[in-house]
1. How do 5-12, 40-47 rank on mean C-beta neighbours within 10 Å, highest first?
2. Once the cut-off is 22 Å, how many percent of the Cα-Cα pairs in the chain end up in the long-distance tail?
3. What longest range of the chain stays clear of loop-exposed trypsin sites (Lys or Arg not before Pro) (DSSP non-H/G/I/E/B, at most 14 other C-beta within 10 angstrom)?
4. Calculate one ³J(HN,Hα) per residue across region 26-31 by plugging θ = phi - 60° into the Karplus curve 6.51 cos²θ - 1.76 cosθ + 1.60, and present them in order as whole Hz with x for glycine and proline.
5. If amide H atoms are built 1.01 Å from N in the plane of the peptide, which residues on other chains or at least 5 residues away come under 5 Å of the amide H of residue 78?
6. With the full set of protein chains in place, find how many percent of the accessible area of the chain is carbon and sulfur; take the probe as 1.4 Å.
7. Percent of alpha carbon pairs in region 24-76 separated by more than 15 Å?
8. Based on the Cβ-Cβ distance from residue 17 to residue 77, what FRET efficiency comes out when R0 is 25 Å, to the nearest 0.05?
Amino acid sequence: MKKEYLLVFLVLFILFVLFFNRVPNRSLSKFADNIILSPCDGLVTHVSGRNISVFLDPLDVHAQYVPNDSVVKSIEIINGSHKMANSPESMHNEGVKVIFSSTLGDIEVTQRVGFFVRRIQNYIKPGDKLKRGFNYGRILFGSRVDIVLPLHNTSSLNIGDKVYAGITRI
């Protein structure tokens with residue numbers, strides 16, 4: 001009987017890991033090239049002018065995507081704390097800030113770790129030319145993504161909005 005429970009647990013765990021690590025294709029968009037799309041899936045927890053914060057819960061896709069055709073201007077590792085990703089204090093969590101240089105201006109996307117798992121993987125380097133919707137990285141488990149839009153741009157999002165990478169206009 002114990003072996004059956006262990007087998008069921010193992011199968012459920014494998015299914016959860018596969019579900020959690022899914023990376024859907026988000027490279028096709030119905031929007032014009034001058035529209036910035038969300039780099040992640042999640043719930044908007046903060047919006048103020050050009051600044052947006054999105055919390056990724058365990059059921060969201062944890063891959064991040066390029067918000068607009070751009071060149072990777074810089075990548076910066078940020079040292080910090082490890083607060084719960086859905087708390088305001090998580091703005092000081094460790095992370096990776098990527099600045100995408102686009103025809104609309106610089107778009108800053110910061111991937112932040114959460115309390116439980118502290119791992120970010122990126123597959124890009126400065127100078128890479130990328131298309132909107134390209135999967136450039138992911139945050140494992142609890143996470144938050146902060147976005148700063150180019151100068152003279154403001155977000156149309158509201159706190160509580162659900163966003164989808166490569167789909168939702170921000």
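1. 40-47, 5-12
2. 42
3. That would be 31-118.
4. 10, 8, 9, 9, 8, 8
5. Counting only residues 5 or more places away or on other chains, the set is 95, 96, 97.
6. The C+S portion of the solvent-accessible surface of the chain is 62 percent.
7. Details: 807 of 1378 pairs.
When every Cα pair of region 24-76 is considered, 59 percent fall beyond 15 Å.
8. Here the calculated transfer efficiency is 0.45.
The values are calculated or read from the model by the stated rules, or taken from the named source; none is laboratory data. Fair warning: this is a prediction, and the values are worked out from it, not measured in the lab. Methodologically, a virtual Cβ is constructed for each residue, glycine included, from the backbone with ideal geometry; neighbour enumeration extends over all protein chains shown. What goes into the accessible areas is simple: the full protein's heavy atoms, side chains included, and nothing from ligands, DNA or RNA. Shrake-Rupley method; radii C 1.70, N 1.55, O 1.52, S 1.80 Å.
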